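Engineer: Take this structure, written in structure tokens, and hold onto it; I'll ask about it next.
The values are calculated or read from the model by the stated rules, or taken from the named source; none is laboratory data. Predicted, not measured: the structure shown is a model, and the values here were computed from it. Backbone-built Cβ (ideal geometry, glycine too); neighbour counts: all protein chains shown. What goes into the accessible areas is simple: the full protein's heavy atoms, side chains included, and nothing from ligands, DNA or RNA. Shrake-Rupley method; radii C 1.70, N 1.55, O 1.52, S 1.80 Å.
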Amino acid sequence: MSWITELAKVYDNTIHNSDNADGSGRPVPMFHTANNASVTVTVDETGAFVDAALVEDKKERVTVMPCTESCAARTSGADAYPLCDKLEYVAGDCAKHNLYAHLLEAWAESDFATEKVRSVWHYVQTGTLLQDLQASGIKIEDVKDFVRWSVEIPGDTKPELWKDEDVQKNWIDFYNSEAFENYVKENFGAKEQAKYIRKTDLDYTEGATAKIAAYHPAKIRNAGSSAKIISSNDTTNYTFRGRFLTDSEACQISSETTQKAHSALRWLLKRQGTSLGDGFSIVTWNAAGEDFPSLVAGSTDLLPIKAPKEPATKKDALEFDFGFEEPEKEEPQGIYQTSPEFAKAVNNRLKGYYGDISHPQKILVMAIKEATPGQGRASIVLYRELQNSEMLEALNNWYKRLSWYITYWPKSEDEKKKKVPPVHAIGTPTPKTIAECAYGSRVKGQLVEKTVQRILPCILDGSLIPADLEMQCVKSASNLLVVENFRRSVVLETACSVYKYNQIIKTRNEEVYQLALEENRTTRDYLYGRLLAIAQQEENAALQKMGESREPNAIRYIQQFAMKPASTWKTLYADKLKPYRQRLDPGLKEWFERKIQDVTSLFEADDYISDRPLTGEYLLGYQCQLKDFRKKTESVNNSIEEDTEE
């Protein structure tokens with residue numbers, strides 16, 4: 001139950017924050033909930049009708065309103081809210097209206113009511129709401145959500161009751177008072193009283209006597225979700241039976257503690273949480289409720305990239321060719337081209353979030369999964385408590401070990417520009433990107449959730465990315481022919497990142513691979529990857545001279561190449577490249593041939609003729625060679641000219 005007490009601390013530390021216009025500045029007060037309102041009814045201090053207006057702006061509809069534990073959990077049964085409610089309660093159905101009127105009356109006539117609450121009660125007593133709405137030009141069928149109240153009092157600067165902190169405090173005091181229990185005893189039978197009157201017993205979280213919650217809050221991930229983390233209303237199956245006789249033996253939490261904890265969790269998820277798939281959310285926080293980056297963020301989320309000024313062209317977006325063209329002259333801001341500068345930038349940014357490690361603080365991580373999205377039960381699939389020093393080390397290791405080349409399409413500052421040139425830099429993919437690399441861009445949300453869940457321990461504990469996930473990424477990158485052109489770079493880069501990360505963990509060598517072409521590396525798979533890249537570049541050079549654009553044979557044969565590299569390379573080199581080689585200028589033709597021979601000479605004899613399948617290492621050699629062509633365009637052209645002169 002430590003997660004509950006930790007979240008309750010967040011509530012206590014943030015409930016008095018100044019609120020923002022969108023309500024994100026602090027949690028919703030306990031014994032309150034947020035619902036959408038359709039109409040605002042304004043009355044004066046005497047309870048006389050002033051005006052009614054539909055709430056047109058969707059963002060303005062979210063309304064914080066008082067509630068009881070039971071009405072906040074209502075589904076089909078009748079149970080009234082004390083102030084704001086659906087039209088059928090406020091002025092419609094007789095039985096439901098009576099529930100609403102009796103509760104509002106009990107509050108309004110108690111010592112805990114403000115003048116505004118009494119003004120609303122005076123108006124409700126008139127029973128003219130339906131007529132007043134129609135007189136204001138509002139159709140009854142347009143009022144589908146809640147009715148909220150505004151009271152105009154001379155000298156009062158906050159007429160909206162849903163923003164009035166005094167109204168909120170007074171409801172909390174009334175709900176926890178004997179006056180509320182007396183209201184329940186006067187209006188309900190003995191069986192129904194148990195639904196509203198909270199028993200006093202031992203709170204398992206605090207170890208003290210308190211009023212125990214009969215219902216725990218829903219609407220955790222969003223306002224439309226009724227899934228609960230704590231629920232024991234299923235007494236016919238095995239929610240708790242088999243181990244306990246009653247639900248209280250399994251879980252007994254004070255009403256105040258569960259309200260605080262769930263309110264804080266709801267606020268944290270909305271403000272800084274990340275939702276993936278259909279029912280999965282993850283959030284990181286500390287006791288002060290400070291904002292932290294998502295645990296599943298990529299480097300471009302942590303270190304935003306500013307777009308260049310020039311708009312993108314079709315060639316920028318779709319070309320999977322690092323050819324002999326001039327690189328972009330204008331580089332976007334915030335990119336990193338070497339591994340050390342990237343690692344330093346990540347470390348500096350993380351230190352800004354997690355503070356000085358000489359001043360320890362607890363960092364908490366929670367992931368929630370709904371069994372059925374939006375309803376039923378929600379489970380905590382991950383909960384960790386770490387020191388800030390541990391979190392800083394874990395995230396630094398994750399970003400550093402996973403770092404590789406990335407292709408990123410930054411958002412343009414100019415809203416009129418729909419596309420900007422892609423950015424080639426060093427960074428890390430997100431867990432979601434890894435899932436899409438492994439299973440395709442149209443992967444179902446449920447599979448994304450499961451994949452992210454499997455990757456979370458890798459981030460926090462530095463463990464291996466599951467072998468089947470690595471194999472699937474390598475398999476996807478080995479079949480680029482079926483991947484959309486604009487995604488090929490991302491798929492290749494992500495597969496390289498995953499393979500490199502696992503090799504670092506297995507070998508315990510942080511420098512097992514460099515983020516640059518290693519011309520002296522003699523491992524078989526790396527060399528075969530380089531040969532494939534050279535073949536692709538040679539054919540592209542010929543196609544460019546011919547003025548044609550089509551898939552090079554290296555891409556067409558890459559899947560076969562990964563399975564049988566020696567025999568496939570023989571086919572590529574001797575047959576497929578031959579007609580294109582004849583199209584090249586003599587100097588360029590000789591340069592490519594020398595490049596192939598230089599790489600071939602690094603093979604061990606047995607390795608070169610071996611047809612055993614390649615590991616993901618060949619992708620590293622393949623991409624590093626392509627990147628090297630791109631980076632050394634000018635020097636390559638210069639060397640060709642010099643060789644021709646000789």
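Engineer: Under 9 Å by Cβ, and 6 or more places apart or on different chains, what pairs join a residue from the stretch 174-185 that is without any contact (Cβ under 8 Å) to a residue 12 or more places away in the chain and part of a helix (DSSP H, G or I) with one that is of a type outside the set (A, V, I, L, M) and crowded, with 17+ Cβ neighbours inside 10 Å?
Structural biologist: The qualifying pairs do not exist here.
Engineer: Within the stretch 345-383, how many residues turn out to be of a type in the set (Lys, Arg), modelled with pLDDT of 90 or more and either farther than 24 Å from Glu6 by Cα or buried (at least 18 other Cβ atoms within 10 Å of the Cβ) (or both)? Quick ask: steps written out before the conclusion?
Structural biologist: In the first step, residues of the stretch 345-383 are kept if they are of a type in the set (Lys, Arg); the result is 349, 351, 362, 369, 377.
Applying the additional criterion that residues be modelled with pLDDT of 90 or more yields 362, 369.
After this cut, where a residue has to be either farther than 24 Å from Glu6 by Cα or buried (at least 18 other Cβ atoms within 10 Å of the Cβ) (or both) as well, the list is 369.
Residues flagged as of a type in the set (Lys, Arg), modelled with pLDDT of 90 or more and either farther than 24 Å from Glu6 by Cα or buried (at least 18 other Cβ atoms within 10 Å of the Cβ) (or both) within the stretch 345-383 amount to 1.
Engineer: Hey, which of the helices (runs of 4 or more DSSP H) in the stretch 562-608, taking only ones fully inside, have at least 3 residues that are closer than 16 Å to Ala542 by Cα?
Structural biologist: Details: elements: 565-571, 578-581, 586-600.
The helices (runs of 4 or more DSSP H) meeting that bar are 578-581, 586-600.
Engineer: Further, regarding this structure: When the residues of the stretch 66-80 are filtered to those that are touching a strand residue (DSSP E or B) at 6+ places or on another chain (Cβ under 6 Å) and buried (at least 23 other Cβ atoms within 10 Å of the Cβ), which remaining residue is nearest to Ser119 (Cα to Cα)?
Structural biologist: As a first pass, look at the stretch 66-80 and keep what is touching a strand residue (DSSP E or B) at 6+ places or on another chain (Cβ under 6 Å): 66-67, 72.
Still in the running and buried (at least 23 other Cβ atoms within 10 Å of the Cβ): 66-67.
Numbers: Pro66: 16, Cys67: 19 Å.
Taking the candidates together, the pick is Pro66.
Table: residues versus (1) in a helix (DSSP H, G or I); (2) open to solvent by 10 Å² or more (accessible area, probe 1.4 Å).
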position	(1), (2)
Leu447	yes, yes
Lys450	yes, yes
Leu460	yes, yes
Leu464	no, yes
Leu481	yes, yes
Thr494	yes, no
Val498	yes, no
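Engineer: Name the one entry in Tyr573, Tyr580 that is touching an Asp or Glu at 6+ places or on another chain (Cβ under 7 Å), modelled with pLDDT under 95, surrounded by 14 or more Cβ atoms within 10 Å (Cβ to Cβ) and over 27 Å from Cys473 (Cβ atoms). Walk me through how you get there before you give the answer.
Structural biologist: Values: Tyr573 fails: touching an Asp or Glu at 6+ places or on another chain (Cβ under 7 Å).
The conditions single out Tyr580.
Engineer: What number of residues within the stretch 141-190 satisfy the criterion of being of a type in the set (Phe, Trp, Tyr) and more than 21 Å from Val39 (Cα to Cα)?
Structural biologist: Filtering the stretch 141-190 down to residues of a type in the set (Phe, Trp, Tyr) leaves 146, 149, 162, 171, 174-175, 180, 183, 188.
Now narrow it down to the ones that are more than 21 Å from Val39 (Cα to Cα): 171, 174-175, 180, 183, 188.
Within the stretch 141-190, residues that are of a type in the set (Phe, Trp, Tyr) and more than 21 Å from Val39 (Cα to Cα) number 6.
Engineer: Mind counting the residues in the stretch 103-143 that are touching a Pro at 6+ places or on another chain (Cβ under 6 Å) and not in a helix (DSSP H, G or I)?
Structural biologist: 0
Engineer: Please determine whether any residue of the stretch 103-114 is surrounded by fewer than 13 Cβ atoms within 10 Å (Cβ to Cβ) and either more than 23 Å from Tyr196 (Cβ to Cβ) or at pLDDT below 95 (or both).
Structural biologist: Step one: filter the stretch 103-114 for residues surrounded by fewer than 13 Cβ atoms within 10 Å (Cβ to Cβ), giving 111.
Remaining after also requiring either more than 23 Å from Tyr196 (Cβ to Cβ) or at pLDDT below 95 (or both): 111.
Yes, that holds for at least one residue.
Engineer: What residue, of Thr33, Thr63, Thr42, is more than 30 Å from Gly289 (Cα to Cα) and of a type in the set (S, T, N, Q)? First the steps, then the outcome.
Structural biologist: On the way: Thr33 fails: more than 30 Å from Gly289 (Cα to Cα); Thr63 fails: more than 30 Å from Gly289 (Cα to Cα).
Checking each option against the conditions leaves just Thr42.
Engineer: If I filter the stretch 432-485 down to residues being in contact (Cβ under 8 Å) with a residue 60 or more places away in the chain and polar (S, T, N, Q), which single residue comes out as nearest to Tyr383 (Cα to Cα)?
Structural biologist: Gln453
Engineer: Next question, about the same structure. Do we have Thr157 as open to solvent by 60 Å² or more (accessible area, probe 1.4 Å) and more than 43 Å from the chain's Cα centre (by Cα) here?
Structural biologist: On the way: open to solvent by 60 Å² or more (accessible area, probe 1.4 Å): yes; more than 43 Å from the chain's Cα centre (by Cα): no.
No.
Engineer: Also, quick follow-up: Report yes if Thr407 is buried (at least 22 other Cβ atoms within 10 Å of the Cβ) and hydroxyl-bearing (Ser, Thr, Tyr), otherwise no.
Structural biologist: Here the answer is no, as Thr407 does not meet what is asked.
Engineer: For residues in the stretch 93-102 being part of a helix (DSSP H, G or I) and open to solvent by 10 Å² or more (accessible area, probe 1.4 Å), which is farthest from Asn182 (Cα to Cα)?
Structural biologist: Start the filter on the stretch 93-102 by keeping residues that are part of a helix (DSSP H, G or I), which leaves 94-102.
With the extra rule that they be open to solvent by 10 Å² or more (accessible area, probe 1.4 Å), the set shrinks to 94-99, 101-102.
Numbers: Cys94: 23, Ala95: 20, Lys96: 20, His97: 20, Asn98: 17, Leu99: 15, Ala101: 16, His102: 12 Å.
So the residue we want is Cys94.
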